[in-house]
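Chemist: Got a structure for you, written out below as structure tokens; questions coming shortly.
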């Protein structure tokens, strides 16, 4: 389906017979949408992200990304899938022994991009996130907000069609949170599908975009212009 | 492919330098393990040298009757030297034997008078036989039982040496067995130390491996820098071990020669001759061990 970017069909993931990750999730996300996945801790938000990036496989159901069935994806194809998506996490996941420039460039290097392309694209994305002046610093020399912007730059460098942010503001103060959310909105305005996983009520309520609410591993609400319900 | 290979090399060198202390610790452990292996190797060689030194002091004397003429002595000497197990045969003529006897006991009147009263030399010639190995003496002496020589033989003092030779053989076998056991034990300990230090090194990188996977790095791209780094550890560890062992051999060589009372064994010369082979093999073993360990350890975190 050309009007579907991500589709979850009856997806379930159990960790033990009595520990539910997600259960019977049905979700269709269109290209260019900005969707917030909300819910309290332990409701399956991060499981959904892990399933999406093929870090885990569902016990049941089917997940399609751009028409590609990632449920049966082969191990050697997982890096290809991940290069199509930009993912950021609460703990930034930057390589500590590399500078910010090298962290961003690394995402291109692994895909075999030419030196010329790296030298052109990396400064551009660092400029978008406002880190061009700090390109030669190491992650430990940056503030939390700057680290998250560096992680966003790295996720953007492939020009992904899907951008997944798993609790990106969890470790940030309100000013940095606002900056990061503005950056995600900007990314979405370029046409990228954005999935924001959060339990930050204020962020979700001010965005006024589609909100999918999870509770006990199930989708309990899906509103086109929603609010944080729980 | 070439550009990826270049990036892998660059990443491994960068990682080696940026994780400087971790690299220093891992390389030091490897170097210490290799130095220990080399010291054990030297001790094994010295044990052999010591046994050789003692063995070479043993010779078996064959005393001939005074009737044995020069041609018989020469024939027996040639026959003995023709045997590969014989290292050296020294002939003492009858006259020389008498002179040595008189020199040895200048104040013993009984001996001096007896020789004068006899009016002729009562001693026969003798042969001192040195074998290459103490194990060869019985066979060498058996060869003298040949009918052409047996009638001229007065006495063989092999029986006097039999106990000593047997004791040396027993010690030699025991030393050899102990050396093999200690070497095997040491090799296993060294392998375990190196194996674990590489595993710990990779363990400290586990989060980085996870991050590399998340940004879409292939298993090859993640694994190769660690394998190249392991090769670097092995190369540097071997070079450091060689840099310690060579001067050490030069320094302790004279003491070893003095200790073994002028033995010809040259420790530095030994390493100069065999060093390429010894350190080459050690590098290959260390490289195989560290790269396999790295590959397996990284593989564990790639699956997560």
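Chemist: What residue, among those in segment B:55-65 that are surrounded by fewer than 16 Cβ atoms within 10 Å (Cβ to Cβ) and under 22 Å from residue B:265 (Cβ atoms), is modelled with the highest pLDDT?
Modeler: That would be B:58.
Chemist: Next question, about the same structure. Does at least one position in segment A:39-51 carry a residue that is in contact with a strand residue (DSSP E or B) (Cβ under 9 Å, 6 or more places away or on another chain) and free of Cβ contacts under 8 Å to residues at least 40 places away in the same chain?
Modeler: yes
Chemist: Scan segment B:250-269 residue by residue and report those that are within 20 Å of residue B:50 (Cβ to Cβ), touching a helix residue (DSSP H, G or I) at 6+ places or on another chain (Cβ under 7 Å) and in a helix (DSSP H, G or I).
Modeler: B:252, B:253, B:256, B:267, B:268
Chemist: Provide a single number: the residues in segment A:1-38 that are assigned to a strand (DSSP E or B), over 12 Å from residue A:58 (Cβ atoms) and in contact (Cβ under 8 Å) with a residue 40 or more places away in the chain.
Modeler: Number of matching residues: 11.
Chemist: Follow-up question, since we're still on this one. What do you reckon, is residue A:110 without any contact (Cβ under 8 Å) to a residue 60 or more places away in the chain, in contact with a helix residue (DSSP H, G or I) (Cβ under 7 Å, 6 or more places away or on another chain), surrounded by 17 or more Cβ atoms within 10 Å (Cβ to Cβ) and more than 10 Å from every other protein chain (Cβ to nearest Cβ)?
Modeler: no
Chemist: Sticking with this one: So residue A:63 fits all but one of (1) within 11 Å of chain B (Cβ to nearest Cβ); (2) buried (at least 22 other Cβ atoms within 10 Å of the Cβ); (3) closer than 22 Å to residue A:22 by Cα; what number is the exception?
Modeler: Only one criterion is unmet by residue A:63, namely (1).
Chemist: Within segment B:143-158, is there a residue that is farther than 25 Å from residue B:124 by Cα and surrounded by 14 or more Cβ atoms within 10 Å (Cβ to Cβ)?
Modeler: For segment B:143-158, residues farther than 25 Å from residue B:124 by Cα and surrounded by 14 or more Cβ atoms within 10 Å (Cβ to Cβ): absent.
Chemist: Quick one: is residue B:247 part of a helix (DSSP H, G or I), farther than 22 Å from residue B:26 by Cα and out of contact with any strand residue (DSSP E or B) (no Cβ under 6 Å at 6 or more places or on another chain)? Reasoning before the result, please.
Modeler: Working: part of a helix (DSSP H, G or I): yes; farther than 22 Å from residue B:26 by Cα: yes; out of contact with any strand residue (DSSP E or B) (no Cβ under 6 Å at 6 or more places or on another chain): yes.
Answer is yes for this residue.
Chemist: Among the residues of segment A:90-101 satisfying the criterion of being in contact with a helix residue (DSSP H, G or I) (Cβ under 8 Å, 6 or more places away or on another chain) and part of a loop (DSSP other than H, G, I, E, B), which is farthest from the other protein chains (Cβ to nearest Cβ)?
Modeler: Restricting to residues being in contact with a helix residue (DSSP H, G or I) (Cβ under 8 Å, 6 or more places away or on another chain) and part of a loop (DSSP other than H, G, I, E, B), the top hit is A:92.
Chemist: Quick check, is residue A:49 touching a helix residue (DSSP H, G or I) at 6+ places or on another chain (Cβ under 6 Å), more than 10 Å from chain B (Cβ to nearest Cβ), under 30 Å from residue A:212 (Cα atoms) and assigned to a helix (DSSP H, G or I)?
Modeler: No.
Chemist: Residues to consider are A:140, A:129, A:104; find the one that is away from every other protein chain (no Cβ under 11 Å), free of Cβ contacts under 8 Å to residues at least 60 places away in the same chain and surrounded by 22 or more Cβ atoms within 10 Å (Cβ to Cβ).
Modeler: A:129
Chemist: Looking at segment B:76-89 only, could you name the residues that are assigned to a helix (DSSP H, G or I) and either surrounded by fewer than 16 Cβ atoms within 10 Å (Cβ to Cβ) or touching a strand residue (DSSP E or B) at 6+ places or on another chain (Cβ under 8 Å) (or both)? Quick ask: steps written out before the conclusion?
Modeler: Taking segment B:76-89 first, the residues assigned to a helix (DSSP H, G or I) are B:76-81.
B:76, B:77, B:78, B:80, B:81 - these are the residues of segment B:76-89 that are assigned to a helix (DSSP H, G or I) and either surrounded by fewer than 16 Cβ atoms within 10 Å (Cβ to Cβ) or touching a strand residue (DSSP E or B) at 6+ places or on another chain (Cβ under 8 Å) (or both).
Chemist: Out of segment B:206-222, which residues are closer than 17 Å to residue B:22 by Cα and either surrounded by 15 or more Cβ atoms within 10 Å (Cβ to Cβ) or more than 14 Å from chain A (Cβ to nearest Cβ) (or both)?
Modeler: Listed by number, the residues that qualify are B:208, B:209.
Chemist: Hey, among B:39, B:3, which residue is on the phi < 0 side of the Ramachandran plot, within 14 Å of another protein chain (Cβ to nearest Cβ), in a helix (DSSP H, G or I) and surrounded by fewer than 17 Cβ atoms within 10 Å (Cβ to Cβ)?
Modeler: B:3
Chemist: Which is closer than 20 Å to residue A:168 by Cβ and within 14 Å of chain B (Cβ to nearest Cβ), of A:55, A:33? Before you say what the answer is, go through the steps one by one.
Modeler: On the way: A:33 fails: within 14 Å of chain B (Cβ to nearest Cβ).
After applying the criteria, what remains is A:55.
Chemist: Tell me, yes or no, whether segment B:188-205 has at least one residue that is within 21 Å of the chain's Cα centre (by Cα), exposed (fewer than 12 other Cβ atoms within 10 Å of the Cβ) and without any contact (Cβ under 8 Å) to a residue 40 or more places away in the chain.
Modeler: Checking segment B:188-205: at least one residue is within 21 Å of the chain's Cα centre (by Cα), exposed (fewer than 12 other Cβ atoms within 10 Å of the Cβ) and without any contact (Cβ under 8 Å) to a residue 40 or more places away in the chain.
The values are calculated or read from the model by the stated rules, or taken from the named source; none is laboratory data. Owing to the predicted nature of the structure, the values given are computational and were not obtained by experimental measurement. All Cβ positions, glycine included, derive from the backbone under ideal geometry; neighbour counts span all protein chains shown.
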